[in-house]
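Colleague: Provided herewith is a single structure, encoded as structure tokens, for subsequent inquiry.
The values are calculated or read from the model by the stated rules, or taken from the named source; none is laboratory data. This one's a predicted model, so the numbers in the text were calculated from it and none came from an experiment. No Cβ is skipped: glycine too gets one built from the backbone with ideal geometry, and neighbour counts run over all protein chains shown. In case anyone asks, the SASA skips ligands and DNA or RNA and just uses the protein heavy atoms, side chains included. Shrake-Rupley method; radii C 1.70, N 1.55, O 1.52, S 1.80 Å.
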Amino acid sequence: MSSSETLPQAGGGHDHAGVEAGADPHAHVGIFGSNTEVIFALASGAALAVGFGLEKLTPGVPVWMSLALYLIAYGFGGFFTVREAFHNLRNRRFEIDTLMLVAAAGAAALGAWAEGALLLFLFSIGHALEHYAMGRAKRAIEALADLAPRTAHVRRGDEVVEVPVEEVEVGDTVVVRPNERLPADGFVVVGATSINQAPVTGESMPVDKQPVPDAAAARARPAQIASASIVFAGTINGAGAIEIETTRKSSDTTLAKVVRMVSEAETQKSPTQRFTDRFERIFVPVVLGLAFVLLFAWVVVDEPFRDSFYRAMAVLVAASPCALAIATPSAVLSGVARAARAGVLIKGGAPLENLGSLHAIAFDKTGTLTEGRPRITDIVPVGGATELDLLRTAVAVERLSDHPLAEAIARDGLERLAGAAIAAASELKSLTGKGVTARFEGAPVWIGKPEMFGVDGIGPLSDEAEAAVTRLRLEGRTLMVVRRGERDLGVIGLLDTPRPAARATLDALRRLGVSRMIMISGDHQKAAQAIAAQVGLTEAWGDLMPEAKVDAIKRLRAEGKIAMVGDGVNDAPAMATATVGIAMGAAGSDVALETADVALMADDLSQLPFAVGLSRRTRGIILQNLVVSLGVVAFLVPATIFGLGIGPAVALHEGSTLLVVFNALRLLGYRDPNVNAAPSTAAAALAVPDSKRTTS
């Protein structure tokens, strides 16, 4: 078993190469399809049993008959082993397949045909069962790819035609009937319905969807489409017929990206796997050296060469680190597959393991611990400006931006203006982490945090504006100051609301053993502390620019493993600095999917304890697997040196490998004990009755 290999393919040989579904050129498929290896192994066992019965129980039967049956057992039992051994040797890999063939050939040379046939039978049946079990975990991932239908009903003029999903173009209008799976990502343009998004986001309840108010505006600014109008390929429509305008080709949908990233995650080695790789690089040469020395035991011990050769072969078989090599990859594969089914994308073994050993978690405030939909609470004009003038200027500029605070000002400001005419602003420029500048009615406009003023060539605030800022800060408001030309127009106070699940999520994380949780925010310290108190946090760090957030994460990382939870866009540098970067609401967000180590597909904070708990369980199972695999080797090596036969050694060796794999498969059934929401809903979505999978 090469430590450089990671994962088996369903029906494959002992080559644990981590490749994407269906890409393994060495998969053991023959005349009986994927069951060929199992059938060949059973045929080997049957021939062995009959041959042994003729030899031992029926005196007078010609010796050649039992020998012929043993040869048949050799042929069936060794067929796939020979093929795999040649493949490994061509790639300059000396693995257990080769060791087994050498041992079986040695047994034949010694005339122990029955024992050699038993070795190949046990080896082949053990691998067949191992590949079947690992295939289950692999199919859990492949099932994600099967969620999207193969065809779509696309409106072409006055007709609706059925086309393969590969032919659906961006901007096409797709008709989705009741109970159908959606074939593409997009936004609703006609009809209202509820959609089961569990296959992509893991949400336990269907989500109501409604058409966008303005399709042209949605098309021009897709980042501002409300989540109530966004839909994903592979999700399941409810009772309402809808029409959607597609925003991605089938190869670029959120579901396609998830499947691709989960497949890539299989090949990312975890810290434990890197340790076992280093261990094997030392262990295997030592074992080979020991076996070579044992070949010459007859020189020292009074025994025939036959016995020394047999013992050396038994040690080679016993010491092969097969179970050790598959111990970690099997658990990582099962853990990643389980997480993906629940709407959590974990991109490799390293973040999967690290999640379970976190020292601390840092949370961004806006959109993570809060709803991310702040409301205007205070409007304070200054310098003789009117509330109307203040709001007109703020709304005109902020509706050009897609920042959550800008959206809140544009939305609530329009409501307060009650239809008043607003001229268009232009030349919007973002000042990262501070605010924006633009032109409105011929004058330059600055809108941003109070800290933006008085630095970098921007004039300081007026005394009246400073007084308003001081007063509103004491009330924990998030502040935006509006200036047009040389004149401060006033201060707008906003307040975000905590997520309903925030406090329960933080309590669940404490029960899981996360000892320290900090909220970091670009808002004023008072505003950060006000939200922190509401969600049950004792640490809140405010007034942090993006670069300051990175420095904060570096300080925390110096104390231990730290995760950063954010939206994957503004928080990308801090997430990249943390031990594990976790993105919220990643469904549909290319940036979040690319930058985060862990992506919570739904905008649901309660998925975080599930991910941490799954990681803890995965770490526990990896430890169990290492104890079993190393323990069996530690027992078998001395046992074979002191006389344990090849047959029992193979049985225990293959038994330990199967035990390790089946132990890892328990992760596929993991349930989160800390959160009432059932992550298994996503798994249920994978088993939607055929009647609800209509695609034609």
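Colleague: Rolling a 1.4 Å sphere over the protein heavy atoms, what is the accessible area per residue of the chain, to the nearest Å²? Intermediate values should be presented prior to the final figure.
Modeller: Working: 27970 Å² over 696 residues.
Solvent-accessible surface per residue comes out at 40 Å².
Colleague: Still on this structure: Among G459, V315, G522, flag the residue with its Cα farthest along the positive direction of the charge dipole of the chain, charges on Cβ as +1 for Lys/Arg and -1 for Asp/Glu.
Modeller: So the residue furthest toward the plus end is V315.
Colleague: Find, among the chymotrypsin sites (Phe, Trp or Tyr not before Pro) in the range 592-667, those assigned to loop by DSSP (not H, G, I, E, B) with at most 15 other beta-carbon atoms within 10 angstrom. Let's see the in-between values first.
Modeller: Values: sites: F610, F635, F642, F662; in loops: F642.
For chymotrypsin sites (Phe, Trp or Tyr not before Pro) across the range 592-667 that sit outside H, G, I, E and B with at most 15 neighbouring Cβ atoms in 10 Å, the list reads F642.
Colleague: Oh, and also: Check which residues have an amide H placed less than 5 Å from A362's amide H, if you skip close sequence neighbours.
Modeller: It is I518, A563, M564, V565, by chain and number.
Colleague: Using a Förster distance of 35 angstrom, determine the FRET efficiency expected from the C-beta separation of R219 and R375, and round it to 0.05. Before the final figure, lay out the partial values.
Modeller: On the way: r = 28 Å, r/R0 = 0.80.
Calculated transfer efficiency: 0.80.
Colleague: Leaving ligands, DNA and RNA out of it, work out the accessible area of M205 with a 1.4 Å probe and give it in Å² to the nearest 10.
Modeller: Estimated to the nearest 10 Å², M205 gives 130 Å².
Colleague: Give me the number: length gained by fully extending H403 to E559, i.e. 0.36 nm times residue separation minus the C-alpha to C-alpha distance, one decimal in nm.
Modeller: On the way: separation 156, 0.36 × 156 = 56.16 nm, distance 3.28 nm.
My answer for the length gained is 52.9 nm.
Colleague: Only Lys, Arg, Asp and Glu count, each charged at its Cβ (+1, +1, -1, -1), so figure out the dipole size of the range 277-370 about its Cα centre, rounded to 20 debye.
Modeller: Working: 8 positive and 7 negative charges, 97 e Å.
Computed charge dipole of the range 277-370: roughly 460 debye.
Colleague: I'd like the orientation of helix 646-665 relative to the chain: the angle between its Cα long axis and the longest Cα principal axis, in ° from 0 to 90, rounded to 10.
Modeller: Roughly 10 degrees between the two axes.
Colleague: Using the Cα centre of the chain as origin and beta-carbon charges of +1 (Lys, Arg) and -1 (Asp, Glu), tell me which of P271, I346, A108 is placed farthest towards the positive end of the dipole.
Modeller: Final value for the positive-end residue is A108.
Colleague: Cβ neighbours within 10 Å, averaged per peptide: list 208-216, 352-360 in order, most packed at the top. Don't skip to the end; give the middle numbers.
Modeller: Values: 208-216: 14.7, 352-360: 22.2.
Ranking, from highest mean packing down: 352-360, 208-216.
Colleague: Still on this structure, please answer the following. Nearest 10 degrees, 0 to 90: what angle lies between the long axis of helix 607-641 and the longest principal axis of the chain (Cα atoms)?
Modeller: Helix 607-641 sits at roughly 20 degrees to that axis.
Colleague: Quick one: which residues, 5+ away or cross-chain, put their amide H under 5 Å from the amide H of S229? H built at 1.01 Å from N.
Modeller: Q210
Colleague: Would you list I646, I225 from the most to the least accessible area, probe 1.4 Å?
Modeller: Details: I646 5, I225 25 Å².
Sorted by accessible area, descending: I225, I646.
Colleague: Right, something else. With a cap of 16 neighbouring Cβ atoms within 10 Å, and only residues DSSP puts in a loop, list the GluC sites (Glu not before Pro) found in the range 452-507. Please list the in-between numbers first.
Modeller: Details: sites: E464, E466, E475, E486; in loops: E475, E486.
Loop-located and lightly packed - E475, E486.
Colleague: Roughly what angle does helix 96-109 make with the longest principal axis of the chain, taking Cα atoms, 0 to 90 degrees, to the nearest 10?
Modeller: For helix 96-109, the angle is close to 10 degrees.
Colleague: Another question, then. Roll a 1.4 Å probe over the protein heavy atoms and report the accessible area of T538 in Å², nearest 10.
Modeller: Spelled out: T538, probe radius 1.4 Å, area about 140 Å².
Colleague: A further question follows. Separation between the D551 and L57 pseudo-spin-labels, each 7 Å from Cα along Cα→Cβ, expressed in nm?
Modeller: With each label placed 7 Å out from Cα toward Cβ, I get 8.2 nm.
Colleague: At a Förster distance of 25 Å, what's the computed FRET efficiency of D208 paired with R503, Cβ-Cβ distance as r, to 0.05? It would help to have the intermediate numbers written out before the result.
Modeller: On the way: r = 25 Å, r/R0 = 1.01.
Efficiency, from the Cβ-Cβ distance: 0.50.
Colleague: DSSP loop (so not H, G, I, E, B), at most 14 other Cβ within 10 Å: list which GluC sites (Glu not before Pro) in the range 169-265 pass both filters.
Modeller: Numbers: sites: E169, E180, E203, E243, E245, E264; in loops: E169, E180, E203.
Those satisfying the criteria are E169.
Colleague: By DSSP, what percent of the beta bridges with both residues in the chain are antiparallel, rounded to the nearest 5? The partial results should precede the final answer.
Modeller: On the way: 57 of 76 bridges.
Percent antiparallel among DSSP bridges in the chain is about 75.
Colleague: Something else now. Give me the Å³ per residue figure for the convex hull around the C-alpha atoms of the range 255-322. Could the numbers behind the result be given before it?
Modeller: Details: hull volume 6.3 nm³, N = 68.
It is 93 Å³ per residue.
Colleague: Continuing with this model, one more query. I need the calculated FRET efficiency for the pair A226 and E464, taking r as the beta carbon distance and R₀ as 30 Å, to the nearest 0.05. All intermediate terms of the calculation are to be shown ahead of the outcome.
Modeller: Details: r = 37 Å, r/R0 = 1.23.
In this case the efficiency is close to 0.20.
Colleague: Separate question: At 7 Å along the Cα-to-beta-carbon direction for both E162 and W298, put a label point, then send me their distance in nm to one decimal.
Modeller: In this crude label model, E162 to W298 measures out at 7.2 nm.
Colleague: For the chain, what does the helix formula give at 222 nm: sum of -39500 (n - 2.57) over DSSP H segments with n ≥ 4, over the residue count, nearest 500 deg cm²/dmol? Please report the intermediate quantities before stating the final value.
Modeller: On the way: 23 runs with 335 residues, N = 696.
The helix-only estimate for the chain comes to -15500 deg cm²/dmol at 222 nm.
Colleague: Find how much the distance from A634 to V170 grows on full extension, using 0.36 nm per residue of separation minus their present alpha carbon separation; answer in nm with one decimal. Let's see the in-between values first.
Modeller: Details: separation 464, 0.36 × 464 = 167.04 nm, distance 5.93 nm.
Separation in residues times 0.36 nm, less the Cα-Cα distance, equals 161.1 nm.
Colleague: What accessible surface, in Å², does a 1.4 Å probe find on V258, ignoring ligands, DNA and RNA and rounding to the nearest 10?
Modeller: Its accessible surface works out to 10 Å², give or take rounding.
Colleague: At 0.36 nm per residue, and after removing the present C-alpha to C-alpha distance, how many nm does the segment from E441 to E415 gain when stretched out fully? Could you put the intermediate results ahead of the total?
Modeller: Numbers: separation 26, 0.36 × 26 = 9.36 nm, distance 2.14 nm.
Once the chain is fully extended between E441 and E415, it gains 7.2 nm.
Colleague: Given labels modelled 7 Å from the Cα in the Cβ direction, how far is it in nm from S426 to L474?
Modeller: The answer from the label model is 4.4 nm.
Colleague: Of Q534, L512, A586, which is farthest along the charge dipole of the chain in the positive direction, counting Lys and Arg as +1 and Asp and Glu as -1 at C-beta?
Modeller: Ranked along the dipole, the leading option is L512.
Colleague: How large is the dipole of the chain about the Cα centre if only Lys and Arg carry +1 and Asp and Glu carry -1, each at its Cβ, rounded to the nearest 20 debye?
Modeller: Working: 64 positive and 74 negative charges, 233 e Å.
Computed charge dipole of the chain: roughly 1120 debye.
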